[in-house]
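So the structure is just underneath, and the comments pick up after that.
The values are calculated or read from the model by the stated rules, or taken from the named source; none is laboratory data. Quick caveat: nothing in here was measured; it's all calculated off a predicted structure. Note that each Cβ is placed from the backbone with ideal geometry, even for glycine, and that neighbours are counted across all protein chains shown.
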């Protein structure tokens, strides 16, 4: 009885051995397979996305507004606002949304963090409440990249777009979606509206001012805000690229004019536009009375930025 029992065990062991052998061969084969790591292994569409991100992300910066105060252990800083910006000139000019800067810059400092982690102090050059755009300039130093803002997209309905921002304060964040609507007037404050594009890409706090690009790397616009609510999904609002480009052109023309005037080259003075401030000087227009000068936070109950 004992011998028979051992025989059965031995035969059962031999029956299982072929399956074990095949399993060993399969595991050995899988161990020799290497996952593709090169860009060439991606689809043509994904290659375009990767290339746009590679070229553009070094020109995208995160912006923080920090308030100086005195703490128990000495001077302290408190972050009061975050956003995203885009380097648009060799002089270190960065465009973003005006509401990123908050209601006032008194006793506050602006810091810009580049793609490679370097942090630089910035100052306000221009702020226009009418289009919710602001221009900053960082201290002198090397720039990782400069984005050509005049390279505009055609903004076709349904085309794919990328958002390169700093959502929730996380730098170098990318989301993807499509253009959901052509520019239309959106109420952002009582009696005030902006012409905005709509996209369904993820837009979060900290993405205000983030560039929105097509798959060729052309500018679609800058993130403004998103519509928030329990029953709302995928409604991001974007300041159109042509609006951004025209406004930047006006700022740079004004800077050139002021530079020439200070050097005695000419006496041309370009009048300030209504609803804007440059170099920290308040515009005395009726539009700005009783309103924040250095920026604006959308107060529409359904908007979040």
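Observations, loosely collected:
- When we screen 205, 189 for residues that are in contact (Cβ under 8 Å) with a residue 40 or more places away in the chain and under 27 Å from residue 112 (Cα atoms), the only hit is 205.
- Strands (runs of 3 or more DSSP E) lying entirely in the stretch 187-266 (those with 1 or more residues that are at pLDDT below 95): 192-199, 219-227, 236-240
- The listed residues are 110, 86, 133, 129, and the only one of them that is under 17 Å from the mean Cα position of the chain (by Cα), more than 20 Å from residue 213 (Cβ to Cβ) and buried (at least 21 other Cβ atoms within 10 Å of the Cβ) turns out to be 110.
- Among all residues of the stretch 50-73, there is none that is surrounded by 10 or more Cβ atoms within 10 Å (Cβ to Cβ), on the phi < 0 side of the Ramachandran plot, more than 17 Å from the chain's Cα centre (by Cα) and at pLDDT below 70.
- Test: residue 174 is under 22 Å from residue 119 (Cα atoms), within 16 Å of the chain's Cα centre (by Cα), touching a residue at least 24 places away in the same chain (Cβ under 8 Å) and in a strand (DSSP E or B): yes
- All positions within the stretch 99-122 that are within 21 Å of residue 133 (Cβ to Cβ) and touching a helix residue (DSSP H, G or I) at 6+ places or on another chain (Cβ under 6 Å): none
- Members of the stretch 52-111 found to be under 26 Å from residue 196 (Cα atoms) and without any contact (Cβ under 8 Å) to a residue 24 or more places away in the chain, listed by number: 81
- Scanning the stretch 145-166 for residues that are buried (at least 17 other Cβ atoms within 10 Å of the Cβ) and either touching a helix residue (DSSP H, G or I) at 6+ places or on another chain (Cβ under 7 Å) or outside any strand (DSSP E or B) (or both) returns 147, 149, 152, 153, 155, 162, 164, 166.
- Test: residue in the stretch 68-80 that is within 15 Å of residue 209 (Cα to Cα) and out of contact with any helix residue (DSSP H, G or I) (no Cβ under 9 Å at 6 or more places or on another chain): no
- Number of the condition not met by residue 142 [criteria: (1) closer than 20 Å to residue 240 by Cβ; (2) not in a strand (DSSP E or B)]: (1)
- Test result for residue 186, more than 22 Å from residue 52 (Cβ to Cβ), surrounded by 14 or more Cβ atoms within 10 Å (Cβ to Cβ) and out of contact with any helix residue (DSSP H, G or I) (no Cβ under 7 Å at 6 or more places or on another chain): yes
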